[in-house]
Amino acid sequence: MKIKDIKVFICSPGRNFVTVKIITENGTYGIGDATLNGREMAVVAYLQEHIAPCLIGKDAQQIEDIWQYLYKGAYWRKGPVTMAAIGAIDTALWDIKGKQANLPVYQLLGGRSRSGVTVYGHANGETIEEVLTNLGTMIDEGYKAVRLQCSIPNVKGTYGTMEGKKNYYELQGNRPLPPEQEWSTSKYMNFVPELFKQARERFGFDIGLCHDVHSRLTPIEAARLGKLLEPYNLLFLEDAVTSENPEGYQIVREHTVVPLAVGEIFTTVWDAKVLIEKQWIDYIRTAITHGGGITPLKKLADFAAMYHIRTAPHGAPDLSPICFMAHMHFNLWAPNFGIQEFIGFGTPELNDVFKYDVELKEGLLYMQDKPGLGVDFDEEAAKKYPYKRSYLPVSRLEDGTLWNW
Ligand code: KDG
Ligand code: MG
């Protein structure tokens, strides 16, 4: 079944998404998500100029060989642009294989390990009271776990809470240049434990709670935060420190028993190797889009399982519904699945372009069996939403020093 055409689309139904469509000679097609937030056009060029010409005429059934060809064959390995491009191709090929076999993709991975996919939602707010009100609503809705992020008093612009109280922190508006936010480690460290103290006092210990530090701390600061949060029994503390130097996690680990999650910016199993082998983390959060597709993510999950580490895939809104649906299949299969990040079903604009059918019941996601990934992309609808250049924010300390956002 030869690949006849590869199309690359960029559209902005509320935010930018890069979508790949692989069409085979018999007309079967598959789709993949290649979105790299704030660097979208680099992936578009990589796909159009450097990948698509090499794949025309290749057998779409040879997923593993095509993956190896794009990864090893490029000589230049890894990196988010390369891996998002490979990830989209790989996802689209699994979609095709499922359609061809008339089976949902999770059946090709080894079948279901569970009936539904447990998620954690987000409760954000400008004040602790606002976060707790949102948390209470989510508990009433049946969520089993929720991530809490709150604006830090006297800090201008806190991760997880910007752009209007009700909005998700990253809805893309007009951001033709990166906006700047302030960061103060001491104000943050003095404030965050209180958020979790009040959450536990009001709602008890049955609800799972998480928090994303977004790599703002040094290892010893993260170790201290972990200790301060221990009484509140977090499901996990995410991205406590940057992970270019994985040994930083050893310092955190040696000082606190707070479970640690990391990996949303990882692009290969090699990024996670030391963290996993040393058992310095508890959850691996790499997404199918950014980790190079379903093929390498399956290897990563199996490797993590050998060290008691569970998966908790990144589920931010800058991953398109194609990645979301690929995660559904992956999560139904993965024996060491932990939890899926989930921020809701998206805006009418988003659902105008991407078609999928998933239900949330009592904090778990369920889907109907359909061949392939069970998601479609409406090319005509996408034309109504042209690409808009947009950036993530950057962070600066109060004295102006650039910091991790
Ligand atoms: O593009 C960046 C976002 O995906 C990221 O900021 C979201 O950290 C994130 C999360 O945990 O969802
Ligand atoms: Mg995160």
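Annotation: amide H-H contacts under 5 Å for residue 147 (H modelled 1.01 Å from N, sequence separation of 5 or more, or interchain): 121, 122, 123, 210.
In whole Å, what three semi-axes, largest first, describe the equivalent ellipsoid of the chain built from its Cα gyration tensor (square root of 5 times each eigenvalue)?
Numbers: eigenvalues 233, 99, 91 Å².
Each semi-axis is √(5λ); the values are 34, 22, 21 Å.
Distance from the Cα centroid of segment 198-213 to that of segment 219-247 is 16 Å (rounded to whole angstrom). Shape of segment 3-103 from its Cα gyration tensor (a ≥ b ≥ c, root eigenvalues): rounded if a/c is under 1.5, otherwise prolate when a/b > b/c, or oblate? Here segment 3-103 falls in the oblate category.
Which of the pairs 278/298; 58/299; 99/144 have their Cα atoms more than 27 Å apart in this structure? Working shown, then result.
Values: 278/298 20 Å; 58/299 24 Å; 99/144 33 Å.
From 278/298; 58/299; 99/144, over 27 Å: 99/144.
Calculated FRET efficiency, residue 202 and residue 307, Cβ-Cβ r, R0 45 Å, to nearest 0.05?
Working: r = 35 Å, r/R0 = 0.79.
E between residue 202 and residue 307, to the nearest 0.05, is 0.80.
A cut-off of 5 Å between modelled amide H atoms, ignoring neighbours fewer than 5 places along the same chain, links residue 264 with 285.
Evaluating 6.51 cos²θ - 1.76 cosθ + 1.60 at θ = phi - 60° for every residue in segment 140-145, the Karplus couplings come out as 4, 6, x, 4, 8, 8 Hz, glycine and proline recorded as x. The alpha-carbon of residue 355 sits under 19 angstrom from the alpha-carbons of these aspartates and glutamates, leaving out residues fewer than 8 places away in its chain: 33, 95, 318, 369, 376, 378, 379, 380. Per residue, the solvent-accessible area of the chain (1.4 Å probe, heavy atoms of protein chains only, all protein chains present) comes to 40 Å². Amide H contacts under 5 Å for residue 394: 180, 181, restricted to partners 5 or more places along the chain or on a different chain, H placed in the peptide plane at 1.01 Å from N.
Solvent-accessible area of segment 85-141 (1.4 angstrom probe, protein heavy atoms only): carbon and sulfur portion equals 47 percent.
In order along segment 357-363, the phi-based Karplus estimate (6.51 cos²θ - 1.76 cosθ + 1.60, θ = phi - 60°) of 3J(HN,Hα) comes to 9, 9, 10, 9, 10, 6, x Hz; Gly and Pro are listed as x.
Take each of the peptides 312-318, 20-26, average the number of other beta-carbon atoms within 10 Å over its residues, and list them starting from the highest.
Numbers: 312-318: 23.4, 20-26: 19.1.
Highest-to-lowest ranking by the protection proxy: 312-318, 20-26.
Once the chain from residue 187 to residue 379 is taken as fully extended at 0.36 nm per residue, the excess over their C-alpha distance is 64.4 nm. Short-range pairs are left out: with C-alpha atoms under 8 Å and at least six residues apart, the relative contact order of the chain is 23 percent.
What is the local net charge at residue 260, summed over the other residues whose Cβ is closer than 10 Å to its Cβ (Lys, Arg +1; Asp, Glu -1)?
Numbers: positive: 253; negative: 238, 239, 282.
Around residue 260, the surrounding residues sum to -2.
The values are calculated or read from the model by the stated rules, or taken from the named source; none is laboratory data. All values derive from a computational prediction rather than experimental measurement. Here Cβ is always computed from backbone atoms with ideal geometry, including for glycine, and neighbour counts include all displayed protein chains. Surface areas here come from the heavy atoms of the whole protein model, side chains and all, with no ligands, DNA or RNA. Shrake-Rupley method; radii C 1.70, N 1.55, O 1.52, S 1.80 Å.
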